[in-house]
Amino acid sequence: MTIYAYNPATGELIRTDSVADWMGTTEAPPPDFDPVAAGCFWRGGRWEVVDAEPPVPPVPQSITRAQAIGALILAGLDDLVEPAIEAIDDPVQRKLALNDWRNRLHFERHHPTTLLIADALNRSDEQLDELFRVGATL
């Protein structure tokens, strides 16, 4: 009789010839699957093959002006930037944001003005991260 092991916390198949005491086990053989393209998990008394999700690329800390504008164009936000900046209440913050928008050659993800512009565009942290990821591909 062959025993198949899995991680009891996640259900993930463990390929091993030496089953440890902490591992979950079953006599049910896992289905054939490509371990590069999918994972196999013991769930509900049976094996389930789940397609692997591509890893989320890291958020770049800086992108060029052209990349930033390209990402905004693709998101349909490029024409909203200056009106959003003009709507900033504090005149000093508004002028700083407009200056950065018009003159910066690189945009840093955590720069205060980048965050101010993102806020003026009602972008969440996750949405800003995605703009930076898209920009880095351009």
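Table for the structure above
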| quantity | calculated |
| --- | --- |
| GNM result for the chain, Cα springs below 10 Å: residue of R94, R109, R43 fluctuating most strongly | R43 |
| The range 1-63 and the range 75-92: distance between their alpha carbon centers, rounded to Å | 47 |
| Cα gyration tensor of the range 62-136 - equivalent ellipsoid semi-axes, whole Å, descending | 18, 13, 11 |
| Highest-MSF residue in the chain out of E108, E82, E48 [GNM, Cα springs under 10 Å] | E48 |
| Unit charges on C-beta of K, R, D, E only; dipole of the range 28-138, Debye | 260 |
| The range 4-51: Cα Rg divided by the 2.2 N^0.38 Å rule of thumb | 1.05 |
| Alpha carbon Rg of the chain, scaled by the compact-globule rule 2.2 N^0.38 Å | 1.70 |
| Karplus 3J(HN,Hα) series, Hz, for the range 21-30 with 6.51 cos²θ - 1.76 cosθ + 1.60 (x for Gly, Pro) | 4, 7, 7, x, 9, 8, 8, 6, x, x |
| Top of I63, I85, I14 by mean-square fluctuation, Gaussian network on the chain, Cα under 10 Å | I14 |
| By average C-beta atoms within 10 angstrom, highest first, the peptides 111-120, 26-35 | 111-120, 26-35 |
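Each reported figure results from applying straightforward, stated rules to the coordinates on display, with no laboratory input. Owing to the predicted nature of the structure, the values given are computational and were not obtained by experimental measurement. Glycine gets a Cβ as well: all are built from the backbone with ideal geometry, and neighbour counts include every protein chain shown.
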